[in-house]
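Working notes for the structure below.
Laboratory data are not the source of any read-out in this text; all were calculated from the coordinates shown. From a predicted model like this one, the values you see are computed outputs, not experimental measurements. Cβ placement follows ideal geometry from the backbone for every residue including glycine, while neighbour counts extend to all protein chains displayed.
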């Protein structure tokens with residue numbers, strides 16, 4: 001395992017390994033792949049929310065008044081289209097009142113740089129705790145562009161959730177955004193000549209939606 005930056009967190013355990021085994025297997029059919037991605041998102045969101053700020057509140061149980069802790073600000077989930085949609089249902093299962101924003105990017109084949117084609121984010125983004133959903137962190141180009149847009153729109157607290165991350169992408173985004181936290185269930189060593197993560201799990205969007 002390579003040395004990882006302080007703001008990168010590997011979420012490793014028997015359950016994440018099991019879900020990853022399903023996602024990595026080329027024989028996994030689309031419905032099972034989709035289910036495993038949703039279930040992995042549940043695990044990842046539970047881990048990423050550990051760092052969310054909370055506030056004290058007083059409630060009454062059926063027996064007595066007691067002090068509790070609540071997440072201190074509204075949450076905004078931002079799936080990066082299109083593969084990020086595969087993690088959205090799992091995230092909403094744990095955060096059903098969250099607002100959902102969207103970032104759509106494609107890679108310009110001539111420049112190899114990400115280009116925005118759709119952005120829909122809530123107003124007053126500075127008031128939200130933002131969780132970015134992006135199954136594959138490969139080169140870091142699309143995620144860097146997403147984070148830049150979120151900062152431009154005022155976001156202050158941001159964490160990113162991935163199924164699989166590659167070392168080159170992690171090194172890039174953690175350096176560019178040292179105050180953002182990144183969570184992944186696996187850290188793979190390299191990219192191939194087409195910028196796919198190796199061993200990875202293939203094209204997450206194609207496998208989620210059967211467009212192979």
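Some observations on this one:
- Residues satisfying the stated conditions in the range 149-173, i.e. touching a residue at least 60 places away in the same chain (Cβ under 8 Å) and over 23 Å from residue 85 (Cα atoms): 167, 171
- If you go through the range 101-112 and keep only what is buried (at least 19 other Cβ atoms within 10 Å of the Cβ) and not in a strand (DSSP E or B), you end up with just 101.
- The criterion of at least 1 residues that are buried (at least 17 other Cβ atoms within 10 Å of the Cβ) is met, among strands (runs of 3 or more DSSP E) falling completely within the range 1-100, by 8-10, 75-81.
- Hits in the range 90-101 (condition: closer than 23 Å to residue 36 by Cβ and in contact (Cβ under 8 Å) with a residue 24 or more places away in the chain): 90, 91, 93, 94, 95, 98, 100
- Residue within the range 125-137 that is surrounded by fewer than 17 Cβ atoms within 10 Å (Cβ to Cβ) and either in contact with a helix residue (DSSP H, G or I) (Cβ under 6 Å, 6 or more places away or on another chain) or farther than 22 Å from residue 23 by Cβ (or both) present: yes
- Residue under evaluation residue 82, criteria (1) in contact (Cβ under 8 Å) with a residue 60 or more places away in the chain; (2) farther than 29 Å from residue 145 by Cβ, criterion not met: (2)
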